[in-house]
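Notes follow the structure.
The values are calculated or read from the model by the stated rules, or taken from the named source; none is laboratory data. Nothing here was measured: the structure is a model prediction, and the numbers come from that model. Note: ideal-geometry Cβ built from the backbone for every residue, glycine included; neighbour counts use all protein chains shown. Accessible surface is based on the protein model in full, side chains and every heavy atom, while ligands, DNA and RNA are left aside. Shrake-Rupley method; radii C 1.70, N 1.55, O 1.52, S 1.80 Å.
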Amino acid sequence: MKPTKNKPYTYTLILPGMLLYAVFFLVPSLFGGVLSFANIGRFSFSDIRFTGWTNYMNVLTDDYLSAAIRNSFVFAFATTLLKVGIGTALAVFLNRRLRTTNYLRTVAFLPAVLSTVAVGVFFTSAMHPTNGMINRFLHAVGLGAIAPDWLTDPHLAIYSLVGIETWKWSGFTMAIVLAGLQSISKDYYESANLEGASEWQQFRSITFPLVLPYFNNALIVNLIGGLKVFDLVQAVTQGGPGSATEVFGTLVFKSFGSGRLGEGAAASILLSLIVIAITLPTWKLIARKEVEL
């Protein structure tokens with residue numbers, strides 16, 4: 001019996017998705033690309049003028065650009081390393097059968113569902129140099145001499161943001177890696193136990209190779225999120241003190257906020273190119289080493 005053709009039914013499923021994709025991705029992307037080569041009045045499209053590469057040159061010669069690129073890279077690589085490392089460790093630990101496993105998984109994942117703005121407001125208060133909860137605790141235990149200015153020290157502020165980001169999203173990474181761990185058949189471990197393999201040998205030869213696709217996804221998601229961070233920085237430091245925590249996201253925001261729409265669009269395009277240039281080779285490099293289950 002020949003299968004019936006359901007092309008009209010298939011098109012009714014595909015067309016709405018394609019329409020949404022065009023409206024919410026293709027059209028804004030094309031508009032942003034055109035806008036990056038134009039100069040318009042403050043939120044007025046009546047006198048749009050095409051200026052070629054001028055907006056890109058203005059962005060590349062911006063006084064804050066070097067600080068934004070440096071801070072974006074420091075933030076992205078530091079948070080990715082910490083979130084993936086801590087998340088993987090939590091996933092391995094919470095993959096065991098413990099009486100409190102479900103409770104601990106919930107506690108570890110809970111920060112990921114909190115509003116970033118709410119988290120930023122809380123840590124802005126907790127990290128206040130004099131009245132903050134963290135420094136008050138350090139004073140209470142006799143360590144007041146080492147209580148730092150978490151968010152006002154230009155050399156420390158970016159690393160304070162790294163710590164906040166790591167606390168918020170490590171549980172999300174844990175959930176991704178844990179899903180991979182639970183997809184591995186127990187037969188592999190039973191065979192390894194019969195061969196006398198230690199837990200470290202089992203992790204190195206069985207667990208990590210088989211969970212690598214999930215690890216790769218977690219790595220890329222965190223790397224992209226770190227490179228295009230905006231909300232946390234804006235909620236906590238607004239790029240300060242000075243330009244100590246300025247990132248690409250805040251640079252784009254300030255360009256749009258001051259009415260320089262063309263420069264904001266150009267900065268957004270540059271950010272997208274940087275993200276693609278870093279994450280795509282990284283994903284391909286790790287994907288070559290993946291093992292099929």
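Kirkwood radius and radius of gyration were both taken over the C-alpha atoms of the chain, and their ratio Rg/Rh is 1.06. Along the charge dipole of the chain, Cβ charges K/R +1 and D/E -1, which of THR80, THR100, ALA118 sits furthest on the positive end? With unit charges placed on the Cβ atoms, the residue in question is THR100. Charge dipole (Cα centre; +1 on Lys/Arg Cβ, -1 on Asp/Glu Cβ; no other charges) of region 236-293 amounts to roughly 80 debye.
Computed from backbone phi with θ = phi - 60° and the Karplus coefficients 6.51, -1.76 and 1.60, the 3J(HN,Hα) list for region 211-227 is 8, 4, x, 5, 4, 4, 4, 5, 4, 5, 4, 5, 5, 5, x, x, 5 Hz; x is used for glycine and proline.
Please identify the longest segment of the chain free of exposed GluC sites (Glu not before Pro), where exposed means a DSSP state other than H, G, I, E or B and no more than 12 other Cβ atoms within 10 Å. Counting at most 12 other Cβ atoms within 10 Å as exposed, the longest clean stretch of the chain is 1-194. Each principal axis of the Cα cloud of region 99-258 was taken in turn, and the coordinate range along them, longest first, works out to 61, 46, 26 Å. Percent relative contact order of the chain, based on C-alpha pairs within less than 8 angstrom and at least six residues apart? The value is 29 percent. Size check on region 8-158: the Cα extents along the three principal axes, sorted descending, read 63, 53, 24 Å. Computed over region 130-213, the alpha-carbon pair-distance distribution with 10 angstrom bins reads 15, 26, 18, 16, 19, 5, each value a whole percent. Of the solvent-accessible surface of the chain, computed with a 1.4 Å probe and all protein chains present, 67% belongs to carbon and sulfur. Restriction of the chymotrypsin sites (Phe, Trp or Tyr not before Pro) in region 23-104 to DSSP coil positions whose beta-carbon has at most 11 other beta-carbons within 10 angstrom yields PHE43, TRP53. Each distinct pair of alpha carbons in region 76-159 adds a 1/r term; the inverse of their mean, the Kirkwood radius, is 15.4 Å. Taking each residue as 0.36 nm, the span from ALA140 to THR282 lengthens on full extension beyond its C-alpha to C-alpha distance by 46.6 nm. Considering only the other residues whose Cβ falls under 14 Å of the Cβ of TYR103, what net charge follows from Lys and Arg at +1 and Asp and Glu at -1? Surrounding charge for TYR103 is +4.
Across region 165-253, Cα pairs under 8 Å and at least six residues apart give a relative contact order of 25 percent. Once each of the trypsin sites (Lys or Arg not before Pro) sitting in a DSSP loop with at most 12 other beta-carbon atoms within 10 Å is removed, the chain keeps 100-287 as its longest stretch.
Separation of the alpha carbons by more than 19 angstrom is noted, of LYS168/LYS284; LYS83/LYS289; LYS83/LYS228, for LYS168/LYS284; LYS83/LYS289. Each Cα pair under 8 Å and six or more residues apart adds its separation to the average, and for region 14-160 the resulting relative contact order is 10 percent.
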